[in-house]
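So the structure is just underneath, and the comments pick up after that.
The values are calculated or read from the model by the stated rules, or taken from the named source; none is laboratory data. Computed from a predicted structure; not experimentally measured. Cβ sites come from the backbone with ideal geometry, for glycine too, and all protein chains shown count toward neighbours. The accessibility values were calculated without ligands, DNA or RNA, using every heavy atom of the protein model including side chains. Shrake-Rupley method; radii C 1.70, N 1.55, O 1.52, S 1.80 Å.
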Amino acid sequence: QVQLVESGGGWVQPGGSLRLSCAASGSIISIYSMGWYRQAPGQVRELVAFITSGGNTNYVDSVKGRFTISRDNAKDTVYLQMNSLKPEDTGVYYCNAETRTRYYWGKGTLVTVSS
């Protein structure tokens, strides 16, 4: 069993920055990878970035060069640093953890980018 709690969402103007955090608890040793998904209003949920237990990362093309996913193993926390934010980045951001058995999801944190 893995529990995920996101934080750090909020409102920011275009060009601004936010850092999202995802704190994991439970069976941490079982996690293969963790990722951030987002869902804009009226849109399907899409993968934004993920990081494996070995530290490999991947990003959706639209955020490359602007977002950085990282982890702090001492705090069992994964971060998503978001810079140069655009209105298109608006949505609910969900933390995800992949284990051998199943996927786990956080409840999401809202990011709003507008003037």
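Structure summary
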| quantity | calculated |
| --- | --- |
| Enumeration of residues in region 40-52 that are open to solvent by 50 Å² or more (accessible area, probe 1.4 Å) and over 17 Å from SER21 (Cα atoms) | PRO41, GLY42, GLN43, VAL44, ARG45, GLU46 |
| Yes/no for GLY16 being part of a loop (DSSP other than H, G, I, E, B) and either in contact (Cβ under 8 Å) with a residue 40 or more places away in the chain or over 14 Å from the mean Cα position of the chain (by Cα) (or both) | yes |
| Filter result (in a strand (DSSP E or B) and more than 16 Å from VAL63 (Cα to Cα)) within region 19-36 | SER21, CYS22, ALA23, ALA24, SER25, GLY26, ILE31, TYR32, SER33, MET34 |
| GLY15 of a type in the set (Gly, Ala, Ser), loosely packed, with under 15 Cβ neighbours inside 10 Å and over 12 Å from VAL92 (Cα atoms) | yes |
| Top-ranked residue in region 47-62 [being of a type in the set (Val, Ile, Thr) and at pLDDT 95 or above; ranked as nearest to ARG100 (Cα to Cα)] | ILE51 |
| Every residue from region 49-86 that is among the aliphatic types (A, V, I, L, M) and over 21 Å from VAL2 (Cα atoms) | VAL60, VAL63, MET82, LEU85 |
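To keep it simple, each residue is scored yes or no on (1) at pLDDT 95 or above; (2) surrounded by fewer than 18 Cβ atoms within 10 Å (Cβ to Cβ).
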| site | (1), (2) |
| --- | --- |
| GLU6 | yes, no |
| ARG19 | yes, yes |
| ILE28 | no, yes |
| GLN81 | yes, yes |
| TYR94 | yes, no |
